[in-house]
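Input: a single structure, listed below in structure tokens.
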Amino acid sequence: MVEENFAYGRSFIHKLDPKIRIIASIVLSFATALCDNLYLAMIYSFISIFLILMAGLNTIDVVKRLKPLFWFLLMIWIILPLTFEGDILYRFYGFKITGQGVVLCIKITIKSISILFLFTALIATMTVASLGNGLHRIHVPDKMVFLVLMTYRYISVIEQEYKRLLRAAKFRGFNPGTNLHSYKTFAYLAGMLFVRASLRAQRVHQAMLCRGFNQKFHTLDDYPPNRLNSIFLMGICGASVSLVILEIIWV
């Protein structure tokens, strides 16, 4: 089962309606991604850090989530300063580092980390069931919602099935290596995994129909109208629109 380390808490963010959090994250992340001003990008980063603090998340756990992003940013920092056209900032054995390339790398770094912080504070602080509820209430197609929920529910089952197949192969003398036999064996394992996943999906669907499944998403969670939800959403939308207008005026 996929862990939901940030989903349980008593902070202000955790008490917000999932629908409000999803809308706020979409609005703010789009505004952040479209920002082309370095100073305004830093303001977006301050907003994302403020949301992390409001959610009361553990700083070390949040930083750990940045590890996959760091590899992408490292590639950007290696390539862009050397290939982006602009004023030469530094020469090194025929390589030219441009100032515009460095500035672009800084923008990408700030915006990437800000967006990840936004989704960590607003989306990762809810359970997958609550996420499905919120997506359904903002009129995301039911099939997409079911796909998210079923993927979350059965990804660990598929992982266990893969481990079972791999263990059975090793019992029969399979020793993984970099050879044609190993590649063929892993291909057979992948094929068997898809076949078993398909059969299990059919059984699950039949079991759901036997329990009255009628193509609708139902939940026991109730989120009555709350003034704080409206104030939070208006604040996020107001800040996003203000920063977008400020960037347009600045240009």
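The values are calculated or read from the model by the stated rules, or taken from the named source; none is laboratory data. Bear in mind the structure is a predicted one, so any value in this text is a computation, not a measurement. Reconstructed Cβ throughout: ideal geometry from the backbone, glycine too, with neighbour counts over all protein chains shown. Areas reflect the complete protein model, heavy atoms only, side chains present, ligands, DNA and RNA absent. Shrake-Rupley method; radii C 1.70, N 1.55, O 1.52, S 1.80 Å.
Within region 95-130, being closer than 21 Å to PRO68 by Cα and of a type in the set (S, T, N, Q) holds for THR109, SER112, SER114, THR120, THR125. Pairs linking a residue in region 7-21 that is under 14 Å from LEU233 (Cα atoms) and aromatic (Phe, Trp, Tyr) to a residue that is modelled with pLDDT of 85 or more and surrounded by fewer than 18 Cβ atoms within 10 Å (Cβ to Cβ), with Cβ atoms under 7 Å and 6 or more positions apart or on different chains, are PHE12/MET54.
Could you list, in sequence order, all residues of region 125-175 that are closer than 19 Å to ALA24 by Cβ and not β-branched (Val, Ile, Thr)? Listed by number, the residues that qualify are MET126, SER130, LEU131, GLY132, ASN133, GLY134, LEU135, HIS136, ARG137, HIS139. Is it the case that some residue within region 190-206 is open to solvent by 70 Å² or more (accessible area, probe 1.4 Å), out of contact with any Pro (no Cβ under 8 Å at 6 or more places or on another chain) and either in a loop (DSSP other than H, G, I, E, B) or touching a residue at least 40 places away in the same chain (Cβ under 8 Å) (or both)? Within region 190-206, one or more residues are open to solvent by 70 Å² or more (accessible area, probe 1.4 Å), out of contact with any Pro (no Cβ under 8 Å at 6 or more places or on another chain) and either in a loop (DSSP other than H, G, I, E, B) or touching a residue at least 40 places away in the same chain (Cβ under 8 Å) (or both).
Quick grid of which residues meet (1) out of contact with any Ser or Thr (no Cβ under 6 Å at 6 or more places or on another chain); (2) closer than 21 Å to LEU228 by Cα; (3) part of a loop (DSSP other than H, G, I, E, B):
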residue: GLU4; (1), (2), (3): no, no, yes
residue: ARG10; (1), (2), (3): yes, yes, yes
residue: LEU16; (1), (2), (3): yes, yes, yes
residue: ARG21; (1), (2), (3): yes, yes, no
residue: SER25; (1), (2), (3): yes, yes, no
residue: LEU28; (1), (2), (3): no, yes, no
residue: THR32; (1), (2), (3): no, no, no
residue: ALA41; (1), (2), (3): yes, no, no
residue: PHE46; (1), (2), (3): yes, no, no
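Exactly one residue out of ILE88, ILE78 is in contact with a strand residue (DSSP E or B) (Cβ under 6 Å, 6 or more places away or on another chain), among the aliphatic types (A, V, I, L, M), loosely packed, with under 14 Cβ neighbours inside 10 Å and modelled with pLDDT under 90, and it is ILE88. Of note, LYS96 satisfies the criterion of being outside any helix (DSSP H, G or I) and either free of Cβ contacts under 8 Å to residues at least 12 places away in the same chain or more than 28 Å from PHE12 (Cβ to Cβ) (or both).
Could you tell me whether region 148-163 includes any residue that is hydrophobic (A, V, I, L, M, F, W, C), open to solvent by less than 20 Å² (accessible area, probe 1.4 Å) and assigned to a helix (DSSP H, G or I)? Don't jump to the end; show me each part of the working.
First pass over region 148-163, keeping only residues hydrophobic (A, V, I, L, M, F, W, C): 148-150, 155, 157-158.
Narrowing further to those that are open to solvent by less than 20 Å² (accessible area, probe 1.4 Å): none.
The answer is no, given that none of the residues of region 148-163 is hydrophobic (A, V, I, L, M, F, W, C), open to solvent by less than 20 Å² (accessible area, probe 1.4 Å) and assigned to a helix (DSSP H, G or I).
You will find that of GLY177, GLY212, the residue that is open to solvent by less than 60 Å² (accessible area, probe 1.4 Å) and over 26 Å from LEU131 (Cβ atoms) is GLY177 and no other. Give region 118-134 a look and list any residue that's open to solvent by less than 30 Å² (accessible area, probe 1.4 Å) and hydrophobic (A, V, I, L, M, F, W, C), or say none. Across region 118-134, the qualifying residues are LEU118, ALA121, LEU122, ALA124, MET126, VAL128.
Residues that are modelled with pLDDT under 85 and within 22 Å of CYS35 (Cβ to Cβ) are absent from region 113-125.
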